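J.: Okay, here's the structure, questions in a sec.
The values are calculated or read from the model by the stated rules, or taken from the named source; none is laboratory data. A quick note: this is a predicted structure, and the numbers were derived from the prediction, not measured. Methodologically, a virtual Cβ is constructed for each residue, glycine included, from the backbone with ideal geometry; neighbour enumeration extends over all protein chains shown. SASA here: full protein model, heavy atoms, side chains in, ligands and nucleic acids out. Shrake-Rupley method; radii C 1.70, N 1.55, O 1.52, S 1.80 Å.
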Amino acid sequence: MTLAILIPTLPEEYSINKLQRLNNIIDPQIERFPQVTKHIHDAGRSMPTGTKRNELIKNTDSDYFVFIDCDDVVPVYYLDEIIKAIEQNPDVVTFIGYMTTNGNNRRNFTIKLGSDYNERAGHYYRWPNHLCVFKRSVVESVKFPDIWQREDYEWSKRVRDK
């Protein structure tokens, strides 16, 4: 099983610094897994984020793909867990985690099949979205809308409805 890590970003100082932080975490992990490739799209603001995401998917031929946005941080064991999961040949790999805004305002989340898209008692619940690992053959016909924001939410709704 092959996996493509897809990273849409911007060629601006803020994004470049965030991307470097992400690369420092993910590149040593990729070195241990020859079946994993990383693809970065930095076309700038001239192209909607949804278009970038579609191009990233189109320009790879892996069995699975996952988006990691340049401002995301993943743990040092990220690929260990992902590879174990895709060895089971799932359609999607979901997980629990937390998000912050610049290191503040921590919010726990649960992403799983059958979940609603809501918040309860300060905990976010989400159906599978762009942060999850997807089997390409299951979702490659679902396109991100060619918009700059909320393209990930709109795409995840389309995937859920499929």
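J.: What number of residues within the stretch 53-63 satisfy the criterion of being more than 13 Å from the chain's Cα centre (by Cα) and surrounded by 14 or more Cβ atoms within 10 Å (Cβ to Cβ)? Outline the logic, then answer.
T.: The first filter runs over the stretch 53-63 and keeps only residues more than 13 Å from the chain's Cα centre (by Cα), leaving 55, 58-63.
Filter once more, so that each one left must be surrounded by 14 or more Cβ atoms within 10 Å (Cβ to Cβ): 55, 60, 62-63.
Total satisfying the criteria: 4.
J.: For the stretch 108-135, which residues satisfy the criterion of being in a loop (DSSP other than H, G, I, E, B) and either open to solvent by 70 Å² or more (accessible area, probe 1.4 Å) or over 22 Å from GLN149 (Cα atoms) (or both)?
T.: In the first step, residues of the stretch 108-135 are kept if they are in a loop (DSSP other than H, G, I, E, B); the result is 112-117, 121-122, 127-132.
Result: LYS112, LEU113, GLY114, SER115, ASP116, TYR117, ALA121, GLY122.
J.: Hey, another quick one. Taking interchain pairs and intrachain pairs at least six residues apart, which have beta carbon atoms under 6 angstrom, with the first residue in the stretch 74-86 and modelled with pLDDT under 95 and the second of a type in the set (S, T, N, Q) and surrounded by fewer than 11 Cβ atoms within 10 Å (Cβ to Cβ)?
T.: Filtered contacts from the stretch 74-86: no entries.
So that you can scan it fast, the table gives a plain yes or no per residue for (1) touching a Phe, Trp or Tyr at 6+ places or on another chain (Cβ under 7 Å); (2) of a type in the set (D, E, K, R); (3) open to solvent by less than 30 Å² (accessible area, probe 1.4 Å):
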{"site": "ALA4", "(1), (2), (3)": "yes, no, yes"}
{"site": "PRO11", "(1), (2), (3)": "no, no, no"}
{"site": "ASN23", "(1), (2), (3)": "no, no, yes"}
{"site": "PRO28", "(1), (2), (3)": "no, no, no"}
{"site": "PRO34", "(1), (2), (3)": "no, no, no"}
{"site": "ASP72", "(1), (2), (3)": "no, yes, no"}
{"site": "PRO75", "(1), (2), (3)": "no, no, no"}
{"site": "ILE86", "(1), (2), (3)": "yes, no, yes"}
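J.: Of everything in the stretch 88-107, what is surrounded by 13 or more Cβ atoms within 10 Å (Cβ to Cβ) and either without any contact (Cβ under 8 Å) to a residue 40 or more places away in the chain or of a type in the set (Gly, Ala, Ser) (or both)? Give them in sequence order.
T.: Applying the first criterion (surrounded by 13 or more Cβ atoms within 10 Å (Cβ to Cβ)) to the stretch 88-107 yields 90-95, 97, 99, 107.
Hits for the stretch 88-107 are THR94, PHE95, GLY97, MET99, ARG107.
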